[in-house]
1. If I go through segment 15-38 residue by residue, how many of them are within 16 Å of the chain's Cα centre (by Cα) and part of a helix (DSSP H, G or I)?
2. How about segment 39-80: which of its residues are surrounded by 10 or more Cβ atoms within 10 Å (Cβ to Cβ) and part of a loop (DSSP other than H, G, I, E, B)?
Amino acid sequence: MAKAGHVKVTAKECRGIPERMIRRFTKKVKKEGVLETAKGRRYYKKPSVAKKEKRIKAERRRLREERKRKRAQERRNRKI
């Protein structure tokens with residue numbers, strides 16, 4: 001996971017609409033993984049546990065991407 005950066009939302013990019021700014025800020029925070037990083041660092045985690053969790057997370061991500069690719073391929077095949 002990349003180091004969490006600063007998340008910034010300007011009024012210009014949201015046309016000054018507060019609700020839109022909040023939504024965009026929330027999306028950016030989620031994408032950067034700021035909350036996930038904070039929650040993960042809340043308590044000490046043994047290196048072996050951290051490694052295991054990282055491995056499980058990577059496996060889930062790979063499976064999700066594989067399912068996504070298969071679905072896209074099926075959609076392409078249906079159109080033909």
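Coordinate-derived values only; no laboratory data. Computed from a predicted model, the values in this text were never measured in an experiment. Every residue, glycine as well, gets a Cβ built from its backbone with ideal geometry; the counts of neighbours run over all protein chains shown.
1. So the first thing to find is which residues in segment 15-38 are within 16 Å of the chain's Cα centre (by Cα), and the list is 23-38.
Among the residues that remain, those that are also part of a helix (DSSP H, G or I) are: 23-32, 34-38.
So the answer is 15.
2. K45
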